[in-house]
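I have placed the structure first, in the form of structure tokens, so that the comments after it can refer back to it.
The values are calculated or read from the model by the stated rules, or taken from the named source; none is laboratory data. Predicted model only: the values in this text are computed from it and were never measured. Heads up, the Cβs are rebuilt from the backbone with ideal geometry, glycines too, and the neighbour counts pull from every protein chain shown.
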Amino acid sequence: MFPEYRNLISKLRQEDNRFAKVFEEHNAIDHEILRLEKNPVTSGLEEIELLKRKKLKLKDELYSMLREADQLD
């Protein structure tokens, strides 16, 4: 995710608690989506779609924080 911001992501994960929290939540949702997609019999497509929307919202939030931090450097 966002290879152009790799170094900044690393820095923000260490220095910005809010960024770190959103980043970890995004990753947790990503892992949950992958788990659900591996077992489609027990998971509903609606649940997966809901998680994907939440993940996208978090990704947008992360991107905004990255752009803002990049402009400050």
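Computed values, structure above
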{"quantity": "Yes/no for K38 being exposed (fewer than 10 other Cβ atoms within 10 Å of the Cβ) and not hydrophobic (A, V, I, L, M, F, W, C)", "calculated": "yes"}
{"quantity": "Matching residues, the stretch 16-73, being in a helix (DSSP H, G or I) and touching a residue at least 60 places away in the same chain (Cβ under 8 Å)", "calculated": "L62, Y63, L66, A69, D70"}
{"quantity": "K38, sole failed condition from (1) out of contact with any Lys or Arg (no Cβ under 6 Å at 6 or more places or on another chain); (2) closer than 22 Å to Q71 by Cβ", "calculated": "(2)"}
{"quantity": "L66 surrounded by 14 or more Cβ atoms within 10 Å (Cβ to Cβ), at pLDDT below 95 and touching a Leu at 6+ places or on another chain (Cβ under 9 Å)", "calculated": "no"}
{"quantity": "Search result, residues across the stretch 1-49 that are of a type in the set (A, V, I, L, M, F, W, C) and at pLDDT 95 or above", "calculated": "L8, I9, L12, F19, A20, V22, F23, A28, I29"}
